[in-house]
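Peer 1: Supplied in structure tokens, the structure appears directly below.
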């Protein structure tokens, strides 16, 4: 839906599907995805492995895999199946969210997967009056990054247009590229790339999936 592909027919589609210059694969493309896909641990591992090894990705600049929050079978299966170049931890500022972020960070470190950095989402909101409001507190992501000794990749503000664009299937940085939130996304993306490039060469994947 967020990429404008909710009408894909998985029976006739050739995967991965391309949109906005990106190659995509999702559980959402599978039959009955709209009713929810109930997966136990072994099935999660199976689909992670299937998407990595049986989808003809071709040559990519970067393969980004969106994981559920916290720790679980998806993350474990991924790190055991592929040589992951790095993980990005996304959190919101409040302590209750940081708990899951800390667990994820510790898990990736135990799996010897480099942590490229931490992003603080929903960091603040700028009202029509021009004032900045920190609805969910502020600075938790930066504090965690400092304590963990990993880069802080930036803050993403709350902007209702992000949700609107997601529902319409068009990324906000395509619709309003000069908006503050679009610039924030692009800045964070560049910092992720820079952090990835800074990793030792021997830690980067050498086998193309």
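The values are calculated or read from the model by the stated rules, or taken from the named source; none is laboratory data. Every value quoted in this text rests on a predicted model; they were computed, and no experiment measured them. Every residue, glycine as well, gets a Cβ built from its backbone with ideal geometry; the counts of neighbours run over all protein chains shown.
Peer 1: Quick one: what pairs do we get from segment 30-56, first residue over 22 Å from residue 1 (Cβ atoms), second part of a loop (DSSP other than H, G, I, E, B) and modelled with pLDDT under 70, C-beta under 7 Å, 6+ apart or different chains?
Peer 2: Between residues of segment 30-56 that are over 22 Å from residue 1 (Cβ atoms) and residues that are part of a loop (DSSP other than H, G, I, E, B) and modelled with pLDDT under 70, the close pairs are 52/209; 53/209.
Peer 1: Hey, can you tell me all the residues within segment 82-130 that are in contact (Cβ under 8 Å) with a residue 12 or more places away in the chain, surrounded by fewer than 17 Cβ atoms within 10 Å (Cβ to Cβ) and over 26 Å from residue 48 (Cα atoms)?
Peer 2: Of everything in segment 82-130, those that are in contact (Cβ under 8 Å) with a residue 12 or more places away in the chain, surrounded by fewer than 17 Cβ atoms within 10 Å (Cβ to Cβ) and over 26 Å from residue 48 (Cα atoms) turn out to be 94, 95, 125, 126.
Peer 1: Give the residues of segment 50-98 that are under 12 Å from the mean Cα position of the chain (by Cα), under 13 Å from residue 111 (Cβ atoms) and at pLDDT below 90, sorted by residue number.
Peer 2: Answer for segment 50-98, where residues must be under 12 Å from the mean Cα position of the chain (by Cα), under 13 Å from residue 111 (Cβ atoms) and at pLDDT below 90: just 67.
Peer 1: Could you check segment 6-20 and list, in sequence order, the residues that are in contact with a strand residue (DSSP E or B) (Cβ under 7 Å, 6 or more places away or on another chain) and outside any strand (DSSP E or B)?
Peer 2: 8, 16
Peer 1: Across segment 144-180, which residue is surrounded by the most Cβ atoms within 10 Å (Cβ to Cβ) among those that are under 13 Å from residue 101 (Cβ atoms) and touching a helix residue (DSSP H, G or I) at 6+ places or on another chain (Cβ under 8 Å)?
Peer 2: This residue is 153.
Peer 1: Here is a follow-up. Go through 95, 100, 73, 66 for me and flag whichever is in contact with a helix residue (DSSP H, G or I) (Cβ under 8 Å, 6 or more places away or on another chain) and closer than 21 Å to residue 154 by Cα.
Peer 2: Sole residue among the options that is in contact with a helix residue (DSSP H, G or I) (Cβ under 8 Å, 6 or more places away or on another chain) and closer than 21 Å to residue 154 by Cα: 95.
Peer 1: So, restricting to helices (runs of 4 or more DSSP H) that lie completely within segment 66-172, which ones have at least 2 residues that are closer than 24 Å to residue 24 by Cα and touching a strand residue (DSSP E or B) at 6+ places or on another chain (Cβ under 9 Å)?
Peer 2: 73-81
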